[in-house]
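The values are calculated or read from the model by the stated rules, or taken from the named source; none is laboratory data. Nothing here was measured: the structure is a model prediction, and the numbers come from that model. Please note: Cβ atoms are built from the backbone with ideal geometry, for glycine as well, and neighbour counts cover all protein chains shown.
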Amino acid sequence: MAFSLNRIELIGNLGRDAETRFTTNNLSVTSFSIATTYSYKGKDGNFVNETTWHNCVGFNLSDFYKENLKKGKKFYVEGRLTKRDYTDKDGNKRYSTDVVVNKLIPLDSTSSSGDSNYNNNSSESGSVNEPDVQVENNDDLPF
């Protein structure tokens, strides 16, 4: 049996407020984007910042996250990468790489009290509870 690992850890700021939708099975699907910045010294000797945007998807997040996943807030996100394709409103085939969230920690000191650590593990062994998702409203946004 071959061993493989699909894990991603990010620390960054949210680029937009989270959006929550529900599947036909009444499963909540929350999507948001997070920005990470990589800095390096350019050829001219000045530092250059490169920002990368990551699309994130969380399943059955608590109300704490639905209320606190706001633009500009800093979060630690842990999950796995997934690739998928979908058709937008205009009939064009689109491709997306997303982070399926299994751990989410607010890093801003201004977050409200309550659940401060989302961990989407279904058992102590660490297996992720990932549902088969069919989203009702499928416009040009994948979730």
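For this structure, a couple of remarks:
- Taking the listed residues Thr20, Thr36, the one that is of a type in the set (Val, Ile, Thr), under 16 Å from Asp98 (Cβ atoms) and surrounded by 15 or more Cβ atoms within 10 Å (Cβ to Cβ) is Thr20, with no other qualifying.
- Test for Ser39: is it closer than 27 Å to Asp108 by Cβ and out of contact with any Gly (no Cβ under 9 Å at 6 or more places or on another chain): yes
- In summary, Ser28 fulfils each of the numbered conditions (1) more than 21 Å from Ser96 (Cβ to Cβ); (2) free of Cβ contacts under 8 Å to residues at least 40 places away in the same chain; (3) surrounded by 10 or more Cβ atoms within 10 Å (Cβ to Cβ) with the single exception of condition (1).
Per-residue answers, yes or no, for (1) of a type in the set (Lys, Arg); (2) not in a loop (DSSP other than H, G, I, E, B):
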{"residue": "Phe3", "(1), (2)": "no, no"}
{"residue": "Leu10", "(1), (2)": "no, yes"}
{"residue": "Asn13", "(1), (2)": "no, yes"}
{"residue": "Asn26", "(1), (2)": "no, no"}
{"residue": "Phe32", "(1), (2)": "no, yes"}
{"residue": "Val48", "(1), (2)": "no, yes"}
{"residue": "Arg80", "(1), (2)": "yes, yes"}
{"residue": "Lys83", "(1), (2)": "yes, yes"}
{"residue": "Tyr86", "(1), (2)": "no, yes"}
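- Count of segment 82-102 residues which are without any contact (Cβ under 8 Å) to a residue 40 or more places away in the chain and surrounded by 15 or more Cβ atoms within 10 Å (Cβ to Cβ): 1
- Annotation: of all residues in segment 57-94 being of a type in the set (Ser, Thr, Tyr) and over 17 Å from Arg16 (Cα atoms), the one that is farthest from the chain's Cα centre (by Cα) is Thr87.
- Residues that are touching a Ser or Thr at 6+ places or on another chain (Cβ under 9 Å) and at pLDDT below 50 do not occur anywhere in segment 89-108.
- The single residue among Gly79, Gly42 that is surrounded by 17 or more Cβ atoms within 10 Å (Cβ to Cβ), touching a strand residue (DSSP E or B) at 6+ places or on another chain (Cβ under 6 Å) and not β-branched (Val, Ile, Thr) turns out to be Gly79.
- Beta carbons closer than 9 Å, at least 6 apart along the sequence or on distinct chains, pair a first residue in segment 54-71 that is modelled with pLDDT of 95 or more with a second that is loosely packed, with under 13 Cβ neighbours inside 10 Å and polar (S, T, N, Q) for His54/Thr97; Asn55/Thr97.
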